[in-house]
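Novice: What follows is a single structure, and I will ask about it in a moment.
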Ligand code: BGC
């Protein structure tokens, strides 16, 4: 765990130059606007440890899978979001010596991510080996308004000399992915050109044939001869300046990334020139002002205000900021990679993380079309999900959505761990349910939802086995969310989700048939749905599914044989043996009782209304002490359940763990990128955990509590056209209708009607009795 980020409510601040933290800071200070993003690499050359990263959403490369022993059913490739052309580069040569912070004496170094206004600022004082001292200030951002563009204002001031400074502003397409399986480069050059004030490169990805034109247009505050430099996959403009002591030189670099996903490839250059002209005419200051305005609008819907705990305040804003930088919901071809634009890990692909964790965040904080686009992304990939299932021997329109994907094709690279997590199919159905429950948009079911649900239900109906021994259906050979157990039988979460999917499908089918018989009949005919026969099969499985249960402990069994394991609790493990995935052999992990992330508890979180509080409590008491939370997705689920059960102290502890996971580098892996999808879990911990927000019978309800350390917290949510502010203080909860239609809300079990500009203040009560005693 690190502790070098300064606490500030609106900023992430690093003071002092610590090369050993550079990879971590490059992740933390990342920038993005949903369409493109980048790690916080320095503009000038840096020969120390760095991971160059510029990404264009949706542009990927299918890297041939690398495995020791090929098995039928393995995907041929693992898709990777590509490290794309570097547009931030600005080389600076002072009196013949390259400015490189790894070689200079650096002082007054400060990096600041301004989350309120959405920009990154870096300042430092450097002394070259020849003794030349400069002050540098670099401000840059990816524009939220013109989302194919970014801009940098780079200012250098000679402090103790006058003399030559050469500034080279470049676009470099000769980049690689660190995670390339065969050390290949993924881009070929299509064309390039330099202009008197800039230049461009157009690159094409191998295999996938995406073309991206990346260009720059710059202005310099001082005149000097400019020379163009062109090399393979590289264009630059070199500006020779006679610097004068104390006089600042400012280079403003406007950049744009245009992709053939959005324009015909042969028009990219013309479009790029137009875009660069438009943003440079607008100018840096105006772009920055618009950026601040765009972020202000986001914060108006998104902000969570925590009083009395600046570190928690900074953390929650950091999580919300990064989520908004990653996905804006404008384009239903895009999704949310677990690392967003902050690193290469997980290939930038879509995982179940989106449906299980991100959907609640976007539902409450963004327009309903944002979540709808996330659902449509899967709807559009239904054909491929059916193909994926076919490849594995399923038939008749059964769909298995991929665990890891870019375009709908499965592209995981681990069989037992990743592939066998067929539970992701259920999360996709659950997201449809969640969306409709939240928005009330039942038309979605008619237009798209039912078709996806039937295909998923068909998969489950074929995936179960009839057990002669048990005289019940079983589900064999799966991996649950707990990846520290592979190829298990009867994972309770998977089986519960499977039957729930079938139940929900039947319910929706009835609904759609009643609402729009013509559309229903057309769908049934198109996908050959034998309503009678298939529904009967679903019902039979629903009624006769086997679920492991231990009557003595009163708990659901995570999977067959779980209780045969040696039951030593996490608290009795020496700290030196954690994290297990770095300290233990895989063999030892698989045999142990330790749970990587919420599994049974994930099911109880999804379906809490189906279980009484005592059942949830018994399972929480049993599984929590065995959970090591070595997935960032885990603590938030435990936080929400702990809050529900009145275990407020633990709820707060879990929250802290998720909210500052990256800022404090809790798991020692922030250098790979930030845990973007689990950031949505952090938001859930506050809103669903401390705020106790739920949707019940079409209404929002709140059962809040205030963490002891906080004076108050407030959050905003949008619900069916109404925007609400919820403030929780020590002795009261207030909910007000900020805009939109009158709304009914339930606070601590009491219903209130709120017209616009009206609010209600309720004396806060603890709904659930505090935990009697925790087994930790
Ligand atoms: C988790 C998965 C998750 C993936 C991507 C893994 O460590 O165990 O549940 O989907 O990371 O975030």
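Novice: To the nearest 10 degrees, how steep is helix 492-515 against the longest Cα principal axis of the chain, on a 0 to 90 scale?
Specialist: The angle comes out near 90 degrees.
Novice: Bins of 10 Å, beginning at zero and ending with the bin holding the largest distance: percent of Cα pairs per bin for the stretch 317-370, please.
Specialist: Using 10 Å bins, I get a P(r) of 23, 61, 15 for the stretch 317-370.
Novice: The stretch 31-118: Rg/Rh from Cα coordinates, Kirkwood Rh?
Specialist: Radius of gyration relative to Kirkwood radius: 1.13.
Novice: Whole Å is fine, so just give me how far the alpha carbon centre of the stretch 393-447 lies from that of the stretch 206-222.
Specialist: Centre-to-centre (Cα) distance: 36 Å.
Novice: For 167, 239, 13, which order do you get if you count the other beta carbons within 10 Å of each Cβ and list the fewest first?
Specialist: Lowest to highest Cβ neighbour count: 13, 239, 167.
Novice: I want to check the label-to-label distance for residue 443 and residue 250. Put each point 7 Å from Cα in the C-beta direction and report it in nm to one decimal.
Specialist: 4.9 nm
Novice: Starting with the highest mean, order 423-434, 328-339, 516-527 by the number of other Cβ atoms within 10 Å, averaged over the residues of each peptide.
Specialist: Top of the packing list down: 423-434, 328-339, 516-527.
Novice: A further question follows. How many percent of all Cα-Cα pairs in the chain sit more than 54 Å apart?
Specialist: 12 percent
Novice: Taking 0.36 nm per intervening residue step and subtracting the Cα-Cα distance, what contour gain separates residue 333 from residue 760 on full extension?
Specialist: 149.6 nm
Novice: Sticking with the crude label model, points 7 Å out along Cα→Cβ, report the distance from residue 123 to residue 618 in nm, one decimal please.
Specialist: 6.2 nm
Novice: How much length would be gained if the chain were fully extended between residue 300 and residue 188, taking 0.36 nm per residue of separation minus their Cα-Cα distance, in nm to one decimal?
Specialist: Extending this stretch completely gives an extra 36.0 nm.
Novice: Further question on the same structure: Among 674, 104, rank each residue by its count of other Cβ atoms within 10 Å, from fewest to most, as a rough exposure measure.
Specialist: The order, fewest Cβ neighbours first, is 104, 674.
Novice: A further question on this structure: How far apart, in nm, are two points set 7 Å out from the Cα along the Cα-to-Cβ line at residue 267 and at residue 540?
Specialist: The modelled label-to-label distance comes out at 5.6 nm.
Novice: Taking the chain as the reference, fit the longest principal axis to its C-alpha atoms, fit the long axis of helix 634-644 to the helix C-alpha atoms, and give the angle between the two in degrees, 0 to 90, nearest 10.
Specialist: Rounded to the nearest ten degrees, it is 50.
Novice: Another question about this same structure. Okay, helix-only estimate at 222 nm for the chain: each DSSP H run of n ≥ 4 adds -39500 (n - 2.57), divide by all residues, round to 500 deg cm²/dmol; what do you get?
Specialist: Here the helix-only value at 222 nm equals -9000 deg cm²/dmol.
Novice: I need the fraction of alpha carbon pairs in the stretch 430-470 separated by more than 11 Å, rounded to a whole percent.
Specialist: 69 percent
Novice: Okay, moving on. Which percent, nearest 5, of DSSP beta bridges in the chain are antiparallel?
Specialist: For the chain, the DSSP antiparallel bridge percentage is about 95.
Novice: Let me ask something else. Estimate the FRET efficiency between residue 130 and residue 387 by the formula 1/(1 + (r/R0)^6), using the beta-carbon distance for r and 56 Å for R0, to the nearest 0.05.
Specialist: Step by step, r from the Cβ atoms, then E = 0.35.
Novice: Just to compare against my own numbers: the Cα pair-distance distribution for the stretch 547-604, 5 Å bins, whole % per bin, please.
Specialist: Result, from short to long distances: 4, 15, 24, 27, 16, 10, 4, 0 percent.
Novice: Relative to the compact globular guide of 2.2 N^0.38 Å, what is the alpha carbon radius of gyration of the stretch 572-660, as a ratio?
Specialist: Taking the Cα Rg and dividing by 2.2 N^0.38 Å, one obtains 1.12.
Novice: Separate question: State the Cα centre-to-centre distance between the stretch 316-381 and the stretch 572-602 in whole Å.
Specialist: Their Cα centres are 29 Å away from one another.
Novice: What's the exposure ranking of 596, 384, going from fewest to most Cβ atoms within 10 Å?
Specialist: Result, fewest neighbours first: 384, 596.
Novice: How many angstrom lie between the Cα centre of the stretch 230-294 and the Cα centre of the stretch 72-121?
Specialist: One Cα centre to the other: 17 Å.
Novice: If you don't mind, there's one more thing I want to ask. Which angle between 0 and 90 degrees, to the nearest 10, do you get for helix 382-391 versus the longest principal axis of the chain when only C-alpha atoms count?
Specialist: Roughly 70 degrees between the two axes.
Novice: With r as the distance between the Cβ atoms of residue 155 and residue 738 and R0 = 41 Å, compute the FRET efficiency 1/(1 + (r/R0)^6) and round to 0.05.
Specialist: Efficiency for this residue pair is about 0.50.
A short reminder: the numbers here are calculations on the coordinates, not readings from a lab. None of the values given here were measured: they were computed from a predicted structure. Ideal geometry is used to build each Cβ from the backbone, glycine not excepted, and the neighbour counts take in all protein chains shown.
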